[in-house]
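The values are calculated or read from the model by the stated rules, or taken from the named source; none is laboratory data. The structure displayed is predicted, hence computed values, not measured ones. Here Cβ is always computed from backbone atoms with ideal geometry, including for glycine, and neighbour counts include all displayed protein chains. Ligands, DNA and RNA are excluded from the accessible area calculation, which covers all protein heavy atoms including side chains. Shrake-Rupley method; radii C 1.70, N 1.55, O 1.52, S 1.80 Å.
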Amino acid sequence: MSLLPEQWPEVPEVTVRVARAVAGRGAPPLAMRVRDELGGLFADAEFAGAFGLRGRRGWSPGRLAMVTVLQMAENLTDRAAAHRVRFDLSWKYCLGLELEDVGFDASVLSEFRTRVVEHGLEERVLDLLLAALKGKGLVKAGGKQRTGLDPGF
């Protein structure tokens, strides 16, 4: 898998319109709130060491990191998380995907985690997430934080 770092895309207008209409007036789903509060949290460049410059272009590591965080937050299998990317409007919104984007095969998540661990980046996702949450005042320094993430990422 090769990496040409990408910027997080804006959420396509049609995706915004449809996701907001479906969400209605209540609190939007977690994935939409994450995107609204934290934006494109994980830059591809943060994972550059784990991805080569040759080979076929793969899915954005920043987006895969976000999928992994949502997957852990909702306690989903790889297959279920890939299904959410393919069919869930709130996940498409969070990831800045067009409505017709078909996502990726579930095996991509395990391959991503393997590369991240092999290159010692497993704490990078948590560090970036905690820094963003702290910056927004959503967590405080010095307190106990429960992540639900296992040490193997």
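So the values come out like this:
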{"quantity": "Which numbered condition Leu130 misses (of (1) in contact with a Ser or Thr (Cβ under 9 Å, 6 or more places away or on another chain); (2) open to solvent by 20 Å² or more (accessible area, probe 1.4 Å); (3) part of a loop (DSSP other than H, G, I, E, B))", "calculated": "(3)"}
{"quantity": "Hey, Leu70 part of a loop (DSSP other than H, G, I, E, B), of a type outside the set (Phe, Trp, Tyr) and closer than 22 Å to Glu122 by Cβ or not", "calculated": "no"}
{"quantity": "Subset of segment 73-91 [in a helix (DSSP H, G or I) and either open to solvent by 30 Å² or more (accessible area, probe 1.4 Å) or closer than 13 Å to Val34 by Cβ (or both)]", "calculated": "Ala73, Asp78, Arg79, Ala80, His83, Arg84, Arg86, Phe87, Leu89, Ser90, Trp91"}
{"quantity": "Neighbours by Cβ (under 7 Å, 6+ apart or cross-chain): first from segment 127-141, under 14 Å from Val34 (Cβ atoms); second open to solvent by less than 80 Å² (accessible area, probe 1.4 Å) and of a type outside the set (A, V, I, L, M)", "calculated": "Leu128/Phe42; Leu128/Glu46"}
{"quantity": "Within segment 101-120, considering residues that are open to solvent by 30 Å² or more (accessible area, probe 1.4 Å) and hydrophobic (A, V, I, L, M, F, W, C), the one nearest to Trp91 (Cα to Cα)", "calculated": "Val102"}
{"quantity": "Search result, residues across segment 103-126 that are in contact with a helix residue (DSSP H, G or I) (Cβ under 8 Å, 6 or more places away or on another chain), farther than 25 Å from Phe87 by Cβ and assigned to a loop (DSSP other than H, G, I, E, B)", "calculated": "His119, Leu121"}
{"quantity": "Residues that are at pLDDT 80 or above and either crowded, with 19+ Cβ neighbours inside 10 Å or assigned to a loop (DSSP other than H, G, I, E, B) (or both), drawn from segment 44-65", "calculated": "Asp44, Phe47, Ala50, Trp59, Ser60, Pro61, Gly62, Arg63, Leu64, Ala65"}
